[in-house]
Every structure is written in C-alpha cells, then in structure tokens.
Amino acid sequence: MSRARFYNPQFDLFLPTIVDLKFRDQKDTMERPFFSLSKSKRMKPIEYVNENDGIFVTVQPHQDYGMATIWDADILIWAASVLCDMKNRGTNDIPRELKFQPHDLLKAIARGTGGKDYVQLKDSLERLKATVVTTNIRAKRGQKTTMFSWIDQWDDLVDAQTKESRGMTLTVSDWFYRGVTEDGGVLSIDPAYFSISGGRERWLYRVARKHAGGNGSNGFAISMPVLFDKSGAEGTYRRFKFEILRIIARNDLPGFSLAVQTGAEGEPLVHMVKREYIGEGGHQEWIPITKSQPRPKPALPPKNTPDSDLPLLSPIIRTLSERTIISIRNECPGWDIYALQHAFNEWLDEDVSRTPNNYEAAFQGWVRRHHARHRTPA
C-alpha cells in the first residue's frame, strides 16, 4: 500500500517539485567503479588504478551493510539535481544538508511509495553512509588522496503516535558537494535512466552519457577490457564480456545506440553514439546488432586482394544464450560446448563466406552435424 505524503513546511521549503526537477549526475562518478553493480550484498572491495593517468579508486564495504549499489546512487542523482536547482535559482549558501519528504524522493526516482519502498530507502541511505571511498580524484590542495562516505549523516523524524515519517534529512559529503556545485561538474541525464533494471546497463548508460553525450556523430569507442576494469564488476572478464555483448544485442539504452567491432588485439571494441545521429554518420563502419535487423553477408573481395586492401568487416557477436546452451546439451550430450564453439569460430574465420546471419542457429546446426558424425566425444 502506498504511503500518504505528510506535509511539513520545515521539510518542503525551497525544494523543487518532481515536475520541475531536471536530473543531473556528478561527472566523476559516471565512468569509474564507485558502486556495486549487483543488488546482492557485496563484501569484496573495489580496487581500481589507471596506470596511464594514476587515477585510483578504492571502495570499502561495511561488514554489516555491504557496499553502496548503483541503485543507491539514485539518491545521489536526486541530491545533485536538487543542489543544481538551487544553484540555478541563485540560492545563497547552498547547503549540504537537504530536507525532504521520503514520498517525494521515491516518486522522483521512479520508485514505489509503500512501506517496503520506505524501508529500502533507509537501507540505501545506510549503505551510502557506511561505504568508504578513497581516491585521488579532486583531492584537496596539498593532499594526495581523500577519504569520504557518500553522505555524512541522515535522519528520519518519525511521528511518535502514527510511526509515519514526518520528514527526512541527508547531508552529502564535501567531496560530492564540491563536485556537484563546481562549474561543469554535472551532466544532465534522461529520466528514463531510473527505469533501467540491470546494474551493468545502468553503468553503461552513465559511461555513454559521460563520453558520447557531447561528442556528436563520432560517438565514443572503448575496448571491452578497459570497460571491464572501469566497471569494478565482480566475476570473470569472460562473464562480463558475455553480458555486455547481450546488452549491445538488445541495444535499448535510452538515448544511446551501441555497436561493436573487433579491436586491434582481437577483443571487442564498443561504440556508443546518441541515437539522433544514427543514419547521419553515427557508428560509420560499426554495425548495431539487433534481432530485427540481421547482419547481411559481406561481399567477397576479388581473389589475390592484398591484405591491406581488404575491407574492415563489422563482426557478428559470437555469444550463446543460456537457452541455446541448454538446447545443445539436451540434443547433443557429452560435448564440451565451449571447446566446440572455439572450433566453430576457427572454421568461420577460415572463409568470410561462412559468416552466418544468425550465429547461434548456425552453431547449433554445426554441432548437430558434428554430433551425427562422431556420435560420442572422443
């Protein structure tokens, strides 16, 4: 059941309405691993170092609450948006402490307003307060590093009789506050961001907004290994790559189109561009992969064409869905699917004319033929 909004002038003064609020995100937090990308309790610290520029980020979870998640960061987006609204209105002495009604904050970030949502809001605030970040990004003058929690404190004024919240306060950290209020410290984001359900999708949107949002039809390209390092995601690189390629295949991030090519070292290179530039030079040689738009077979070059004159081909995504893997195991039991996939990929690479429109269907057919010839694995 949705909770009624409690009116308290002390907590409503000067805060913008949900309709008026233009959402802003703090730029420094948008491309580096500051948050857990999973809703499950994360106890493994994030330790990120960029060897090129020396930037580092360390995030320590709390033993009881775990690490702040990318969904908890919605509260920081709301806070950044409120602070920017105050700045744009010419408010003097913009405060770090924000007073608000929980109903309004939850509605603003597209959450429900029932009792469960209110409890989850308090859990998020606790994780934001308990998570400890150490970084050299925007360290104060004379300091090599800075350590902070996302919020310094939060409070909930509860009615003694009804047990309903009469209003809440949160105080953002000085590091976050300075990053939001300094000129050029924030970027606008699409309100549809709050409807993105997956943690990796949310993080990928923020990377795209940070780097491709203002780069016109050129967009932005980044290698999959670098993307993995910047994400701070738990698990293996192989799993991360599999999941990101699935996101690219769906290509449904709000406002941005995703595509892929094979990079110089054989790893995927992810390209991001605003959707408004698709058809006007966006992606250029890149091929967005969608179910409704199967990849055409490339024209074969003339025989004896020098390698330097061969066209740059946009590769298909060579991943297998869980459904396909289960189907193959049921139909052709006993085989190492990933060893067969490696052999199938090598077979494809021998002749460009073998490039399939549907990779999974072609692989499954290839396995059937292989199984029929050999029946049981050697």
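The values are calculated or read from the model by the stated rules, or taken from the named source; none is laboratory data. Keep in mind that what you see is a predicted model, and the values were worked out from it rather than measured. Heavy atoms of the whole protein, side chains included, go into the accessibility calculation; ligands, DNA and RNA do not. Shrake-Rupley method; radii C 1.70, N 1.55, O 1.52, S 1.80 Å.
Observations, loosely collected:
- When the solvent-accessible area of region 14-124 is split by element, carbon and sulfur atoms take up 45 percent of it, the probe being 1.4 Å.
- Annotation: amide H-H contacts under 5 Å for Arg166 (H modelled 1.01 Å from N, sequence separation of 5 or more, or interchain): Leu157, Val158, Asp159.
- Per-residue HN-Hα couplings for region 27-39 [Karplus 6.51, -1.76, 1.60; θ = phi - 60°; Hz; x = Gly/Pro]: 4, 5, 8, 8, 10, 10, x, 9, 9, 5, 9, 10, 7
- For region 108-113, 3J(HN,Hα) computed residue by residue from phi via the Karplus equation (6.51, -1.76, 1.60; θ = phi - 60°) reads 4, 9, 6, 9, x, 10 Hz, glycine and proline entered as x.
- Less than 5 angstrom separates the built amide H of Phe23 from those of Ile189, all sequence-distant by 5 or more or on a different chain.
- The H on the amide N of Arg42, modeled in the peptide plane, is under 5 Å from the matching H of Met67, each at least 5 residues off or on a different chain.
- Pairs beyond 21 Å (Cα-Cα), from Lys22/Lys274; Lys39/Lys230; Lys39/Lys129; Lys99/Lys144; Lys129/Lys163; Lys39/Lys99: Lys99/Lys144; Lys129/Lys163; Lys39/Lys99
- Table column - 3J(HN,Hα) (Hz), region 205-217, Karplus curve with 6.51, -1.76, 1.60, x for Gly and Pro: 4, 5, 5, 4, 5, 5, 9, 9, x, x, 10, x, 6
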